[in-house]
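Below: the structure, in structure tokens.
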Amino acid sequence: MVFNTGSALLDAIVLAVVSREPEGTYGYKITQEVRQAIDLSESTLYPVLRRLQKDDCLEVYDMECGGRNRRYYKITARGSAQLRMYRAEWESYSEKITAMFEGGYGI
């Protein structure tokens with residue numbers, strides 16, 4: 001992708017993906033879903049997950065899967081509120097950019 005993906009956009013995308021699963025989801029699956037929209041490595045994702053956990057936007061728990069523990073991430077009430085704010089900001093931003101591309105916002 002030619003456009004820069006900043007930390008706020010990464011946070012918004014990760015929160016959106018995690019919010020789809022009420023019981024939570026695990027890191028590898030999050031990576032695969034995020035990759036449908038942007039190019040992202042697991043080494044980029046895990047610091048985002050840790051930051052969102054530190055900011056109380058995600059809670060973390062372990063569950064056994066195939067004899068191993070798998071770490072799950074679940075959105076919190078604070079994370080849901082943050083996601084709503086990101087969605088509103090994105091809608092406003094994307095409408096303005098689309099208008100610019102389509103010849104709107106003349107000077």
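Where a number appears in this text, it was derived from the coordinates with a stated rule and is not lab data. Treat the numbers as computed from the prediction; the structure is a model and nothing was measured. Neighbour counts are summed over all protein chains in view; Cβ atoms, including those assigned to glycine, are modelled from backbone coordinates with ideal geometry.
Sum up the charges of everything whose Cβ sits under 14 Å from the Cβ of ARG20, counting Lys and Arg as +1 and Asp and Glu as -1, but leave ARG20 out. Numbers along the way, then the final one.
On the way: positive: LYS29, LYS74, ARG87; negative: GLU21, GLU23, GLU33.
Counting the neighbours of ARG20, the net charge comes to 0.
The HN-Hα couplings worked out from phi for segment 3-17 by the Karplus form 6.51 cos²θ - 1.76 cosθ + 1.60 (θ = phi - 60°) are 8, 5, 9, x, 5, 5, 5, 4, 4, 4, 5, 5, 4, 4, 5 Hz, whole numbers, x standing for Gly and Pro. The string of couplings for segment 50-61 from the Karplus curve (6.51, -1.76, 1.60, θ = phi - 60°) is 5, 5, 5, 5, 4, 7, 6, 8, 10, 10, 10, 8 Hz, one whole number per residue in order, with x for Gly and Pro. Each of ASP55, ASP11 was scored by other Cβ atoms within 10 Å of its Cβ. Arranged with the fewest first, they read ASP55, ASP11. Listed by chain and number, the lysines whose C-alpha is less than 29 Å from the C-alpha of LYS74, apart from same-chain residues fewer than 8 away, are LYS29, LYS54. Computed from the alpha carbon positions, the gyration tensor of the chain leads to an equivalent ellipsoid with semi-axes of 31, 15, 11 Å, biggest first.
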